[in-house]
Number of protein chains: 2
Amino acid sequence: MNMEQNKKNFEGYLNQYRDGLLENIIPFWLEHSIDGRYGGYFSCLDRKGQVFDTDKFVWLQCRQVWTFAMLYNQVEKNQKWLDVALQGAEFLSKHGTDEDGNWYFSLTREGRPLVQPYNIFSDCFAAMAYGQLYNATGDAGHARIARDTFFNILKRQSNPKGKYDKACPGTRPLQGFALPMILTNLVLEIEHILDPAMVDQTIASGIDTVMNRFYRPEFGVVLENIGADGSFSDSFEGRLVNPGHGLEAMWFMMDLAARLRDKELMHKAVNISLSLMDFGWDEEYGGIFYFRDIKGHPPLQLEWDQKLWWVHLEAMVAMLKGYLHTGNPKCWQWFERLHAYSFDHYADQEHGEWFGYLTRQGKLLLALKGGKWKGCFHVPRGFYQAWKTLEQIEQNHAKAQLRGLES
Amino acid sequence: MNMEQNKKNFEGYLNQYRDGLLENIIPFWLEHSIDGRYGGYFSCLDRKGQVFDTDKFVWLQCRQVWTFAMLYNQVEKNQKWLDVALQGAEFLSKHGTDEDGNWYFSLTREGRPLVQPYNIFSDCFAAMAYGQLYNATGDAGHARIARDTFFNILKRQSNPKGKYDKACPGTRPLQGFALPMILTNLVLEIEHILDPAMVDQTIASGIDTVMNRFYRPEFGVVLENIGADGSFSDSFEGRLVNPGHGLEAMWFMMDLAARLRDKELMHKAVNISLSLMDFGWDEEYGGIFYFRDIKGHPPLQLEWDQKLWWVHLEAMVAMLKGYLHTGNPKCWQWFERLHAYSFDHYADQEHGEWFGYLTRQGKLLLALKGGKWKGCFHVPRGFYQAWKTLEQIEQNHAKAQLRGLES
């Protein structure tokens with residue numbers, strides 16, 4: 001393939017993600033998810049976008065605020081987008097937290113608390129949402145919520161589930177991958193409201209935790225849980241690998257490596273991504289497994305072999321960023337494979353947006369467009385990241401071509 | 001089909017369950033599950049029976065004690081079986097409870113507590129195990145553990161998850177089907193150590209709860225969760241149906257109806273069973289779905305369309321008991337269909353015992369013979385129940401034939 005063809009390819013993909021985001025994904029959520037009566041968003045939408053359940057899951061409420069505020073900040077100062085973010089934030093400010101400022105897991109349509117703040121990721125996504133919103137509004141109230149929530153997360157960090165933690169203390173102390181991983185992303189999201197020294201320190205410790213503790217060179221992948229002392233735990237939890245989760249973390253690491261101009265970190269993150277692709281890809285039916293046991297034992301998760309939308313988006317973003325920063329052709333090959341699989345299987349040509357849940361064989365498991373875990377987040381964020389990364393790839397190639405002509 | 005052929009069929013099925021239990025299922029667990037070093041049982045066994053994880057889940061430890069004690073009590077005074085039950089009970093007595101007598105959810109191989117007593121079903125299965133064991137040993141210590149545990153369950157009944165309950169009080173109070181359903185069975189299991197008035201009262205209230213509250217005539221099925229006030233809750237939890245769970249409850253109800261000589265209850269339980277079969281059966285690929293939403297919405301459970309071994313065993317027992325007590329030919333037809341599906345899909349001709357987890361299409365999802373939830377319980381209990389029920393069916397037919405000859 002010559003460079004000219006390559007350039008054409010970039011443009012085609014770039015257009016597909018940009019137009020998909022602006023003409024398909026965002027209009028779907030604008031049309032179907034806004035609760036005009038009580039504020040906030042419906043996330044349980046069937047194939048056509050019709051609401052089938054009105055419960056409001058705080059993860060998804062926050063993530064939709066973030067998405068619309070991010071679009072306003074990064075793509076276009078579209079007042080409609082900001083209004084959508086603001087009406088979600090207003091609902092959340094009114095109903096989202098208990099009296100200690102911990103974010104509930106879910107609320108009724110009207111905003112009454114349904115499920116307690118047992119899950120610290122509600123708080124992580126709230127801090128992200130209000131940090132992004134503050135960028136758009138400059139409203140000190142939004143900055144305050146983001147900052148208070150962030151410090152509350154740090155306070156709860158060593159015992160994130162609090163009294164809801166069912167593990168007996170001392171017997172098999174484990175640390176989970178999700179929180180340190182999300183903190184490395186969150187701290188970049190809200191760095192404009194944090195002390196720079198704290199940002200640098202959180203980044204350094206996050207990179208160390210992800211790349212030196214949860215990444216295990218003996219397996220070539222990132223584990224979901226390790227011992228409190230950093231050891232491998234030969235247990236269901238300790239053997240668990242979630243390839244999509246690892247791939248998402250790796251593009252966070254690539255963003256940090258780019259920021260820090262740390263080539264070694266960049267190459268390590270790209271190599272781990274490729275190793276996760278090899279480990280996670282289903283050679284028989286295509287797509288990436290949801291969970292695998294590092295020793296090949298049966299995992300506890302009965303959904304282990306399913307193919308989930310977000311996994312494939314995170315993988316595509318990781319492969320595109322890997323290609324942008326290292327030019328590794330394996331990254332581009334994986335991206336094209338992932339792109340083909342995803343647009344064949346997840347994109348709904350008839351009613352827009354993406355399906356979320358497929359069987360191992362790639363058949364539709366659930367026809368929903370949104371539910372308890374799928375909302376207005378991974379698809380728009382993934383499309384935005386793919387669009388912008390492809391834009392940079394294209395610009396680099398254009399520059400390289402120009403240099404070629406000049407020399 | 002004439003009566004002679006019918007009789008032959010009964011015998012063939014009867015032999016298959018009796019011989020399967022005694023020559024295949026029980027030997028598998030005897031050979032592979034005994035932890036000779038620390039006591040108790042391994043339940044995480046791969047296809048060949050090899051141990052792939054050594055954690056000890058209290059549900060399954062208790063259920064295996066129950067199974068071997070039950071076999072000793074009901075089938076044959078085989079000292080080896082009693083010894084197996086006793087060595088499990090010894091491990092559990094030493095390590096199974098916290099200082100308040102609540103049963104942990106899981107333990108390490110050595111017996112150190114891993115997961116707190118957040119789950120009251122550990123206690124239910126412990127009471128069952130020690131009640132059955134007391135029948136075999138007459139040991140007052142076994143009776144005491146069963147009785148203390150039972151009264152502790154009653155005490156915790158209104159708030160079974162205790163501090164681990166994540167629901168915000170008051171917003172959407174729900175009651176779950178599992179505990180009242182299990183209590184109706186448990187009280188029969190340990191009635192020899194309880195006050196008869198209490199047994200009668202628990203039975204009466206259990207029947208009322210299952211048949212008048214969780215069974216909803218407007219849907220024709222049993223729901224997994226209803227409002228605290230008995231109302232239908234139009235939420236993910238409230239819309240949830242677990243057909244296998246309902247079918248298991250219905251054969252408990254048939255046992256109670258037989259004991260009470262309550263024909264109306266018997267016919268109601270049989271009719272609900274048939275309605276659950278119609279609702280749960282997958283016309284496209286065969287087998288019974290794990291979960292369904294009563295309104296046809298997407299359920300939260302990603303494993304909703306999978307075909308689980310225990311569901312099919314409980315369904316077969318329900319259909320056989322329905323046929324025994326009412327002679328309804330639909331029950332026999334369903335039994336034969338379930339039997340064919342199950343022996344085609346779950347029975348492992350090569351290494352014995354049953355597989356547990358299939359995809360919707362009937363392909364193997366996990367090749368394990370035991371894990372966190374599958375142990376030495378549903379297969380042997382189902383085989384025993386099928387064998388004994390077929391024995392009664394055969395005897396009734398023999399009597400009927402004799403009456404036919406005499407008349």
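Miscellaneous remarks
- Using every pair of distinct Cα positions in the range A:189-280, the Kirkwood expression returns a hydrodynamic radius of 13.9 angstrom.
- Electrostatic dipole magnitude of chain A [Cβ: Lys, Arg +1; Asp, Glu -1; Cα centre; debye, to 20]: 180 debye
- The charge dipole of the range B:50-142, taken about its Cα centre with unit charges on the Cβ of Lys, Arg, Asp and Glu (plus for the first two, minus for the last two), comes to roughly 260 debye.
- A:ASP53 long-range amide H proximity, modeled H, under 5 Å: A:CYS44
- Selected from A:PHE150, A:GLY170, A:VAL115, residue furthest toward positive end of dipole (the range A:92-175; charges at beta carbon): A:GLY170
- Near the amide H of A:SER106, within less than 5 Å, lie the amide hydrogens of A:VAL58, A:LEU114, A:VAL115, all on another chain or at least 5 residues away, with H placed in the peptide plane.
- If you take the Cα centroid of the range A:41-83 and the Cα centroid of the range B:253-275, the two points sit 50 Å apart.
- Tensor-based shape of chain A (alpha-carbon gyration tensor, a/c under 1.5 rounded, otherwise prolate or oblate): rounded
- Candidates A:ALA386, A:GLN61, A:LEU179 compared by Cα position along the dipole of chain A: farthest toward the positive end lies A:LEU179, with charges placed on Cβ.
- Taking chain A as a Gaussian network of alpha-carbon nodes connected by springs under 10 Å, the highest mean-square fluctuation of the residues A:GLY230, A:GLY296, A:GLY220 belongs to A:GLY296.
- Our note on the geometry: Cα centres of the range A:298-321 and the range B:117-136, 40 Å apart.
- The range B:48-207: C-alpha pair distances exceeding 30 Å, %: 17 percent
- Label points for A:ARG109 are taken 7 Å from Cα along Cα→Cβ. From this copy to the others they lie 5.4 nm apart, shortest first.
- Largest GNM mean-square fluctuation across B:GLY40, B:GLY12, B:GLY96, computed for chain B with C-alpha springs under 10 Å, falls on B:GLY12.
- For the range B:278-407, the alpha carbon convex hull comes to 125 Å³ per residue, rounded to a whole number.
- Charge dipole (debye, nearest 20) of the range B:291-359; +1 at Cβ of Lys and Arg, -1 at Cβ of Asp and Glu: 460 debye
- What separates the Cα centres of the range B:348-376 and the range A:339-366 is a distance of 28 Å.
- Violating pairs (Cα-Cα greater than 32 angstrom) within the set A:LYS94/B:LYS372; A:LYS166/A:LYS321; A:LYS321/B:LYS372; B:LYS263/B:LYS388: A:LYS94/B:LYS372; A:LYS166/A:LYS321; A:LYS321/B:LYS372
- With 5 Å bins from 0: P(r) over the range A:109-174, alpha-carbon pairs, percent: 3, 16, 19, 18, 18, 13, 6, 4, 2, 0
- Fluctuation leader among A:ALA228, A:ALA127, A:ALA269 - chain A, Gaussian network, Cα springs under 10 angstrom: A:ALA228
- Residue-count net charge about A:GLY352 - beta-carbon cut-off 10 Å; Lys, Arg +1, Asp, Glu -1: -2
- Here the spin labels are modelled as points 7 Å beyond Cα on the Cα-Cβ line, and at B:LEU402 and B:LEU260 they lie 3.1 nm apart.
- Cα-based convex hull volume of the range A:25-130 per residue, rounded to whole Å³: 93 Å³
- Modelled spin-label separation between B:TYR38 and B:GLU191, with each label point placed 7 Å from Cα along the Cα-to-Cβ direction: 3.9 nm.
- Considering only A:TYR17, A:GLY238, A:LEU313, the residue lying farthest towards the positive end of the dipole of the protein assembly as shown is A:GLY238, judged by Cα position with unit charges set on Cβ.
- Theoretical gain in end-to-end length, B:GLU31 to B:GLU284 [0.36 nm per residue, Cα-Cα removed]: 87.3 nm
- Taking all C-alpha pairs of the range B:140-230, those more than 21 Å from each other amount to 40 percent.
- Based on alpha carbons, the Rg and Dmax found for the protein assembly as shown are 28.9, 112 Å.
Here, each number is a calculation from the coordinates, and none is a lab measurement. Computed from a prediction, not measured in an experiment: that's the story for all the values here. So basically every Cβ, Gly included, is an ideal-geometry build from the backbone, and we count neighbours across all protein chains shown.
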